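The values are calculated or read from the model by the stated rules, or taken from the named source; none is laboratory data. Quick caveat: nothing in here was measured; it's all calculated off a predicted structure. We place every Cβ from the backbone using ideal geometry, glycine too, and count neighbours over all the protein chains shown.
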Amino acid sequence: MKVFVSIFTLLVLNNTLFSQENNSSSNDSIITWSKTYKLEWQDYTGKMNPDIFAYAVTSYKIDIIPENVKVDAQDNILNYQDLTVLANFYKNHSWAISTDVDLLNHERLHFDIAELFAKKIRTRFSELKAAKEKRFSVYWDEYSILWKACRQLQKQYDLETNHGEKKAENDQWIAKINEEL
């Protein structure tokens, strides 16, 4: 069996957190996670990075929407009720040199894990909104905690599946994450 090495790229949000690309019909380089669409190899349109030893790189980010959130001098988000998050896949930063279906399934699950944590963040944001919490720092702290947990789970996934090489373990992870989604 070939050794598959996958690296997922967690794009770090910029300093303001709320200034990110928005997925819209005019931006075909971003795919927002959906129950009805699974990534395909043709979605991996980025250039291979020769400095990274991998058969594939999946680039995603958990974006906070809307991008025009305003925070006042007292740390209050003026339109806090509009906050949500989306798991977005970045086609131009994702690439593959293999078309192996098992590797594709492994890479898809990295994106599914991102959606799992986007869902957890949305749930937490809903709880904060219900409590009429407006402080940016509270939302940022919750986001940061769950983002860190997402990165840790991604690393655990790669470790336990040997980057997808262990097919049985990878299939178990797929079942587990799909159940949670």
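Okay, here's what the table says:
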| read-out | value |
| --- | --- |
| Selected residue (only one of 83, 128, 103 is buried (at least 19 other Cβ atoms within 10 Å of the Cβ) and farther than 23 Å from residue 27 by Cα) | 103 |
| Residue count, the stretch 53-78 (criterion: part of a loop (DSSP other than H, G, I, E, B) and under 25 Å from residue 30 (Cα atoms)) | 8 |
| Test result for residue 65, under 24 Å from residue 149 (Cβ atoms) and of a type in the set (A, V, I, L, M, F, W, C) | yes |
| Conditions (1) under 25 Å from residue 46 (Cβ atoms); (2) free of Cβ contacts under 8 Å to residues at least 24 places away in the same chain; (3) not in a helix (DSSP H, G or I): number failed by residue 99 | (2) |
| The stretch 49-79, subset within 19 Å of residue 119 (Cβ to Cβ) and of a type outside the set (A, V, I, L, M), residue surrounded by the fewest Cβ atoms within 10 Å (Cβ to Cβ) | 66 |
| Qualifying residue in the stretch 150-165 (condition: outside any helix (DSSP H, G or I), acidic (Asp, Glu) and farther than 13 Å from residue 62 by Cβ) | yes |
| Close pairs from the stretch 80-92: first free of Cβ contacts under 8 Å to residues at least 60 places away in the same chain and among the hydroxyl-bearing types (Ser, Thr, Tyr), partner surrounded by fewer than 19 Cβ atoms within 10 Å (Cβ to Cβ) and not in a helix (DSSP H, G or I), Cβ under 8 Å, at least 6 apart | 80/133; 84/65 |
| Close pairs (9 angstrom Cβ cut-off, 6 or more residues apart or separate chains): closer than 20 Å to residue 117 by Cβ and surrounded by 12 or more Cβ atoms within 10 Å (Cβ to Cβ) in the stretch 18-37, among the hydroxyl-bearing types (Ser, Thr, Tyr) and modelled with pLDDT under 50 anywhere | 30/24 |
| Count of residues meeting criterion [within 30 Å of residue 168 (Cα to Cα) and surrounded by 14 or more Cβ atoms within 10 Å (Cβ to Cβ)] in the stretch 131-148 | 2 |
